[in-house]
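Working notes, structure below.
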Amino acid sequence: MTNAWTDIKNTDLVVIMGGNAAEAHPCGFKWVTEAKANRGAKLIVVDPRYTRSASVADFYAPIRQGTDIAFLLGLINYCILNDKIQWDYAKAYTNISYLVKDGFAYKDGLFTGYDPVKRDYDKSTWDYQVGPDGYVLADETLQHPRCVWNLLKEHVSIYTPEMVERICGTPKEKFLKVASMIAETSSKTKTMTSMYALGWTQHSKGSQNIRTMAMLQLLLGNIGVRGGGMNALRGHSNIQGLTDIGLMSNLIPGYLNLATDKEKDFATYMSTRGFKPLRPTQMSYWQNYKKFFVSFQKAMFGDAAKPENDFAYDYLPKLDVPSYDMLRMFELMHNGKINGYICQGFNPLLAAPNRKKLTEAFSKLKFMVTMDPLETETSRFWENHGEHNDVDTASIQTEVYQLPTTCFAEEEGALVNSGRWLQWHWAGGSPPGEAKHDTWIMAQIFLRMKKLYQAEGGAFPDPIMNLTWNYHDANEPEPEELAKELNGYAVADVKDPADATKTLVAAGKQLSGFGQLQDDGSTACGCWIYSGCFTEAGNIMAKRDNSDPEDVGLFPKWAFSWPANRRILYNRASADITGKAWDPSRKIIEWDGAKWAGYDVPDIAPTAKPDVVGPFIMNPEGTARLFARGTMREGPFPVHYEPFEAPIKNVIAPGIRGNPVVRVFKDDAEQFGNSDEFPLAATSYRLTEHFHYWTKHNRVNAALQPEFFVEISYELADEKGVKAGDWVRVWSKRGSIKAKAVVTRRIRPLICDGKKVHVVGIPLHWGFTGAARKGFGPNTLTPFVGDANSDTPEFKAWLVNLEKTDGPAVS
Amino acid sequence: MSTTEDVVTQPGDAVEPGRPVTVHRYTAAARVNHWITAVSLVLLALSGLALFHPSLFFLTNLFGGGQTTRAIHPWIGVVLFFSFSLLFIRFWRANLWRREDTQWSKQITDVIGGHEERLPELGKYNAGQKLVFWSMTLLILTLIITGLAMWDQYFGEYLAIEPKRIAALIHALCAFTIICVWIVHVYAAIWVKGTFSAMTSGKVTGGWAWRHHRKWLRKLAQHPTR
Amino acid sequence: MAYVTPHTASANPPTKGPAAVGDMNEGDLIRRSATSNLPAPTRQLEPVAKLIDVSKCIGCKACQSACIEWNDTKPGVEHNVGVYENPHDLTPDMYTLMRFSEWINPETDNLEWLIRKDGCMHCADPGCLKACPAPGAIVQYSNGIVDFVHENCIGCGYCVKGCPFNIPRISKDEHKAHKCTLCSDRVAVGQGPACAKACPTHAIMFGTKEDMKKHAAGRIADLKARGYSNAGLYDPQGVGGTHVMYVLHHNDKPNIYSNLPADPKISPIVNVWKGATKVVGLAAIGLAAAAGVLHGIFGNPNRVHEEEEAQAEQLVDRGVH
């Protein structure tokens, strides 16, 4: 989230698209209710299904799953044609006026530089024209044919309301109603918030879905303002924390990235980071990259990280592929390339695509360790449960170790919510039976491995031997110790650069924020964006002061919001070029002549003059990007691509299947189904009554939604001779499941490119363990393919067929 | 003097010469059947009234409290129904309406006044007894049907609430009616002296039969048994 | 190192009912089932109400789970029968239930998914209490809460027949009537009902009936501004008003909300059953008994005379010989 949950109460228009906040985030949804009840805000829901969110919406428009980009580019086109742009904002705070290289072009769904064999682009033309001074060229009049504005206008011009209807199945008048409501927020005194979740991310072009809405929000001037923003509703209580801490194969904490094989030494690594400003006087905050990285290395390796060894740069692994994401890992496992698998807090047998492939992959392992508070399906993948898990147990030789862990309510620590708040919590109960904290288990694994290295040596033991492990109880680091390490501390006295006689932070003291980080090894910090969460003043995450000066909805003394306790990112953009709030009633910070001051921590140097430094300080331009340069794999502008399994051909680029730069493994490509065999468009989702695969273990939740079902329209039910409550079989190229049928008016067939498209909705909460009735998950059916930028699997749009059947044999 | 050819008698009905004459009116089986029915009806009245009127709720103590009263009442109803069904099979033929019953009914003031001598000669039952018999039949049938409709413990899900409400109302109305009929029945047995023994020993005197059911007596006298 | 002492939020979301009233007891009763001589209450409690804003409800069933947890009931894990209602109806273990209806608005041709939280309405004139034959099994407090007192309940199911909303359910195992208590135990100590506390969108509010009506008026104005010209408060006067009220977008058509009755009142059949029948029935019995007594005292005795015995002997002798 750029903003906070609590800030949603400040909005005028909520657009829920690519999510279902009422269903999946009912507690956060209360802020939508607040905005509606107290501000008269309107709510728009765009979704293939009439959802629980839609039930309280002012307007609902249907859309075929996987066509959001066409819809959103249609909205941008509408705003351009109807001059609904927040011009002062767009001109000053985006790259709308920058000139793009002459070689850059778009044709038939592809940009310049495409290589169909590599399924990748040569992105050298995807950049700005640079002047002799090294700065980007711009045309403030927006007349230049190569400026971003004119390229964008041209790019979106094909996404007319008629084209939107043809691709998305959204009736033209409904699209126009949505467009007119959204366009109103181009006013300086109106804002719109975008609330999205896995309905946008779980597509083969998930990142571009989000980016397209971000572009629209920038054109409307809704980023950085109260009640605006791009608000990702995270699917797990701490999935925000997971990405922050860098639990991705290609990241290290704080969104720093791991070196690749090509970056043999630290200097090479740093040469492509720490960007120089692209426009005069800009901050380009990533110039501090080295401070963050060195401090991370100091936190990891202590005294072993020193200038002489490039701060132990070689201790970190180097990537030989772009990432070892979960799809690649399971592919390798399936190919017999992986022997052991430690599966911590994860239930991939239900949570990863193509369950048959997963079962085969797990069966090839020598050992699997699961760490979970619950009896997961993954830990029981070898156990026969009749139709619900039809495996030949005797033929599976994988040794499975189940390590029971504690659940969130039995442990202390911080969870990071969607709004980037690190909220400390305390254990509410003692762990049952043999359950142990994850920290204890991991400490045991580490200490035993270290002992082995000590005794037996081995190849390059240095990172293990030198890992900082100075915890009070080496067997079980305490949450507060870990938090203090993440916050960072001074290794040596940190001197004031202006006056060397002054000590800013004495050795051993906690840092007060990432502004104190140094690149000379005098500071250590586990995760730079968390710096400030546990200072000398104590555990800031544990603060529970719910005061909210002037009811602005920021609650600055409640917990800690990264970065720097900032509640609204890019908040400098809430004020105009002179530093005055666009909307005085929605002021966040303003320039008082000498500094920025207001309700929130300024997202800019407090003394950076308003007409000099741009608000988007993480970009070397200082502005936000409507033209993304080479940062997105598909191209600088979003393009409508169909899902890999789509009921119709891509009408704007008929030769392209799916997203042209997505990585597809060979076996998986052969398992894509076509619409003649699988004519129904399926999508998967969560229900309010359950949380993923956890709450089916709970008697109350199980009673409230006891049994697996699929949702279909009356029209499809009639075609298939199905009545509500009947058993149906649903199958794709990869598997087959049985479910009860819920027949509903909330799903209607859509007319796309002249063809009637039926939607089948498949919720995801059932498996073969727990208190609820045994059932299946959508992942038995879904394709093994992910997003081009993040590799998030395409769970939201694929093809199936459906027929009436008898119930599964009881197992 | 009327003919006796069409007078209905029942197995066990017989006269025994003597001073006075003894008339066998009810067999032991019939008496047991009657008393089971009678006891059931009384228990049903008591438990039913307890559940019907707050001022009579104390009667639930007779049955061990409200819960047991509620539980036992319908089961007694089932007993009553089957027990009465047997009585019905025994007695229905003797309770068919006859011409003299109409005449008897027209002279109801003579009946109440005790002027038996002015009334026509009758078979085994008079019109009043027949009315009690047929009322009981109809009421018990209605009570068992409405009772089942209200018996939520076993049949709760088969009916909507509105029919249940109607059933409850009809059940209550029938219950009061049957209690009234019962009062008439019991009072008549008390008032008409010599009647009670019919249901205890099964016997009445010849004089009783001569006075109240002369036709029946005449028929039996044609074939005295002992 | 100086530590910041953490404070715990007092309530989330804060549900503020009227002040704690202490134990609600016999002295607070204004009605008691099958009891005619109830003494006047010793004090008057402020009337309370739960307001269910259907237009804010997202059907998440948090109210159902809070109800299960607070009342420690054990609803079973049933089957899916093709609908979202689970359990499929109110049960002795499920005092409140989200009911879902899919309604096409004929004026706009748009689908509306109407989600209503069903449960006891706490009528000012409670039909259950009227129908109940067990003294003290159903009581009404002066704040409007209608509560079932299980130790007095005999499990007869008359409350089910008396209720205009089809709410009470009789448990099969212990044979007691169950329904929402409006969390009388929580209200007694100044807390709102568990469902209101759990509701994430504040679609369930709790407070004095006066305050809830005021709050509803604001909500209705908002709904009217959004084009729901028939928005209104459901506080049906046929049962004297209720202490559970709904804000409905279509108050002119309560029936579309899973058959919420448009004009609920105690069924006339129940009124006759529990009114006139009581009097007429007992009177009839009394009259019949009195007539017998009078006849017994003043009427001629009906005895068999000696000559009748003689006649019978003659008759029998004739037959024998």
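Read-outs: derived from the displayed coordinates by stated rules, not from any lab. Being a predicted model, the structure only gives us computed values, none of them experimental. Glycine also receives a Cβ, built like all others from the backbone with ideal geometry; neighbour counts cover every protein chain displayed.
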At a Cα cut-off below 16 Å, give the lysines reachable from A:Lys509, other chains included and same-chain residues fewer than 8 away excluded. A:Lys298, A:Lys484, A:Lys495
Per the helix-only calculation at 222 nm, which mean residue ellipticity applies to the protein assembly as shown, given -39500 (n - 2.57) for every DSSP H run of n ≥ 4 and division by its residues, nearest 500 deg cm²/dmol? -9000 deg cm²/dmol
Whole number please: convex hull volume per residue, Cα atoms of segment A:735-801, in Å³. 137 Å³
Given A:Ala564, C:Ile266, A:Tyr285, which one lies farthest toward the positive end of the charge dipole of the protein assembly as shown, if we put +1 on the Cβ of every Lys and Arg and -1 on the Cβ of every Asp and Glu? C:Ile266
Just checking the output field for A:702-714: average partner chain Cβ neighbours within 10 Å of each residue's Cβ? 5
Summarise the long-distance tail of P(r) for segment A:182-272 by giving the % of C-alpha pairs beyond 17 Å. 65 percent
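Using Cα pairs closer than 8 Å and at least 6 residues apart in sequence, work out the relative contact order for chain A, in percent.
It rounds to 16 percent for chain A.
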Pairs of Cα atoms under 8 Å, at least six residues apart: use those to get the relative contact order of segment C:26-264, whole percent. 27 percent
Farthest towards the positive end of the dipole of chain A, among A:Gly754, A:Phe784, A:Gly206 and with Cβ unit charges of +1 on Lys and Arg and -1 on Asp and Glu, lies the Cα of A:Gly754
log₁₀ of I(q)/I(0) at q = 0.12, 0.17 Å⁻¹ - segment C:205-263, Debye sum with one point per alpha carbon: -0.27, -0.55
How high is the relative contact order of chain B, given as a whole-number percent (alpha carbon pairs under 8 Å, six or more residues apart)? 35 percent
Part-to-part distance (alpha-carbon centres) for segment C:30-71 and segment B:139-215, which is given in Å: 43 Å
For the protein assembly as shown, what are Rg and Dmax over the alpha carbons, in angstrom? 42.0, 154
Residues of B:47-60, mean number of Cβ from any other protein chain within 10 Å of their own Cβ, rounded to a whole number? 4
Paramagnetic reach from A:Leu332 in segment A:433-448 [backbone N under 16 Å; point 7 Å along Cα→Cβ]: none
Only helices at least 18 Å long along their axis, Cα-based, and averaging -0.5 or more on Kyte-Doolittle count here, so list those DSSP H runs from chain B. B:28-52, B:66-91, B:127-150, B:161-191
Would you list which lysines come within 21 Å of B:Lys219, measuring only between C-alpha atoms, while excluding same-chain residues fewer than 8 positions from it? B:Lys124, B:Lys130, B:Lys203
Please give every one of the lysines within straight-line cross-link reach of A:Lys153, meaning a C-alpha to C-alpha distance under 26 Å, and leave out same-chain neighbours fewer than 8 residues apart. A:Lys84, A:Lys91, A:Lys101, A:Lys107, A:Lys123, A:Lys172, A:Lys174, A:Lys177, A:Lys188, A:Lys190, A:Lys205, A:Lys649
Please compute, for peptide C:282-290, the average count of beta-carbon atoms on other protein chains lying within 10 Å of each residue's beta-carbon. 5
Relative packing of A:113-119, A:625-631, which averages over residues the other C-beta atoms within 10 Å, highest first: A:625-631, A:113-119
Which distance in nm do the two modelled labels at C:Glu210 and B:Trp75 give, with both placed 7 Å along the Cα-to-Cβ direction? 5.4 nm
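How large is the convex hull of the C-alpha atoms of chain A per residue, in Å³?
For chain A, the hull spanned by Cα atoms encloses 168 Å³ per residue.
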Peptides ranked, highest mean first, by Cβ atoms within 10 Å: ranges C:107-118, C:218-229, A:463-474: C:107-118, C:218-229, A:463-474
Quick one: Cα centre-to-centre distance for segment A:147-209 and segment A:624-654, in angstrom? 14 Å
Give the dimensionless ratio obtained when the Cα radius of gyration of chain C is divided by 2.2 N^0.38 Å. 1.43
What residue among C:Phe165, C:Phe206, C:Phe100 has the largest mean-square fluctuation in a Gaussian network model of chain C, using Cα springs under 10 Å? C:Phe100
In whole angstrom, how far apart do the alpha carbon centroids of segment A:700-754 and segment A:1-56 sit? 26 Å
Tally Lys/Arg at +1 and Asp/Glu at -1 over every other residue whose Cβ is under 13 Å from the Cβ of A:Ala361; what's the total? +3
Would you work out which of A:Ala717, A:Thr11, C:Gly127 lies farthest towards the positive end of the dipole of the protein assembly as shown? Charges go on Cβ: Lys and Arg +1, Asp and Glu -1. C:Gly127
Using a Förster distance of 30 angstrom, determine the FRET efficiency expected from the C-beta separation of C:Ala276 and B:Val42, and round it to 0.05. 0.70
Mean shadow of chain B, computed from the convex hull of its alpha carbons, in nm²? 14.4 nm²
Under unit Cβ charges (Lys, Arg +1; Asp, Glu -1), what dipole magnitude, rounded to 20 debye, does segment C:26-264 have relative to its Cα centre? 280 debye
Please identify the helices of chain C, taking whole runs of DSSP H, that span at least 30 Å along their own axis as judged from the Cα atoms and have a mean Kyte-Doolittle score of 0.5 or higher. C:276-298
Select from chain A the helices, each a whole stretch of DSSP H, whose alpha-carbon atoms run 15 Å or more along the helix axis and whose Kyte-Doolittle mean is at least -0.5; answer none if there are none. A:68-81, A:172-183, A:206-219, A:289-301, A:438-456
Chain A - charge dipole about Cα centre, Lys and Arg +1 at Cβ, Asp and Glu -1, debye rounded to 20: 1560 debye
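Report, in debye and to the nearest 20, how large the dipole of segment A:666-805 comes out about its Cα centre when Lys and Arg carry +1 and Asp and Glu carry -1 on their Cβ. Spell out each step's value before the answer.
Details: 20 positive and 17 negative charges, 135 e Å.
Computed about the Cα centre, the dipole is about 640 debye.
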